[in-house]
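Let me begin by presenting the structure, written as structure tokens, before commenting on it.
The values are calculated or read from the model by the stated rules, or taken from the named source; none is laboratory data. Nothing here was measured: the structure is a model prediction, and the numbers come from that model. We place every Cβ from the backbone using ideal geometry, glycine too, and count neighbours over all the protein chains shown. For accessibility, only protein heavy atoms count, side chains too; no ligands or nucleic acids. Shrake-Rupley method; radii C 1.70, N 1.55, O 1.52, S 1.80 Å.
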Amino acid sequence: ALGSIPTVGPLVAEIIGNLIPDLRFKRIFSLLEVLESKIDPEAKAKVETKMLEEKSIDLMEDGFLQAARALSEERIEYIASLLKNSLTDEGLEQNAYKRLLFLLGEISDVEVIILKFCSRSGADYQEFWENHKEVLDAPAQYLGAPQEEIDKYTIFVSYGTNLERLSLLKRGEAPAFDLKTGMMKSNGYDLTDLGRLLLRIIDQSEED
């Protein structure tokens, strides 16, 4: 049927038939490799038992689905860390990990960097800014700016809106990161407890 659409049809058939399955397999295989590297050999027996539990299987399936769509090695790392912690840490129930995995799936890699930046303080704050300036520096806004710059700024501001919607960031009372200017201001964003928890569960907290 796709062959009857002359231009895009054959290309889509190739994507559906070969490229997507191949990419998904490679990404899931990469996830499992990273997950294996994160598991302490001493916890192997515990992990094998817990992995066969129904809730763990459900969480793993969700992890596979996210990994199949992952576009970066960092994203694979985040998912693998969350799955590893779900199998080795008794602090949270599997339902909590399922919620955290959902939240991870709702944010981009750029938004993870923003969360990490908002968790920084002191000298580490400035160093992190310098290392990720291309992401954290707000696009310039000025009268007569070209549409391309306006579009970039609009997307940049939407990161904060999304993170606030998900209760990962909140408006700060003390000087905090402002996603409209890329600077510290009194009405900027602070990390919430949920945001700190997500970073910790994907091994991206300030201590990690």
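Just a few scattered comments:
- Per residue solvent-accessible surface (Å²) - segment 1-74, probe of 1.4 Å: 74 Å²
- Farthest positive-ward along the chain dipole, Cα basis, beta-carbon charges - from 7, 205, 172: 7
- Choice from 117, 128, 156 with maximal GNM fluctuation in the chain (Cα, 10 Å cutoff): 128
- Max mean-square fluctuation residue, GNM over the chain, Cα-Cα springs under 10 Å, options 115, 23, 31: 23
- Burial ranking of peptide ranges 133-145, 89-101 (average Cβ count within 10 Å, highest at the top): 89-101, 133-145
- In summary, the helical segments of the chain meeting the span-like criteria, namely a full DSSP H run, a Cα extent along the axis of 24 angstrom or more and a mean Kyte-Doolittle hydropathy of at least -0.5, are 20-38.
- Gyration tensor (alpha-carbon) shape descriptor, the chain, a/c threshold 1.5: oblate
- Pairs from 26/84; 50/170; 116/152; 44/170 whose Cα-Cα separation, in the structure shown, is over 28 Å: 50/170; 44/170
- Accessible surface of the chain, 1.4 Å probe, proportion on carbon and sulfur as whole %: 56 percent
- Accessible area per residue was computed with a 1.4 Å probe on protein heavy atoms; residue 22 scores about 70 Å².
- Accessible-area rank, largest first, for 192, 154: 154, 192, with all protein chains present and a 1.4 angstrom probe.
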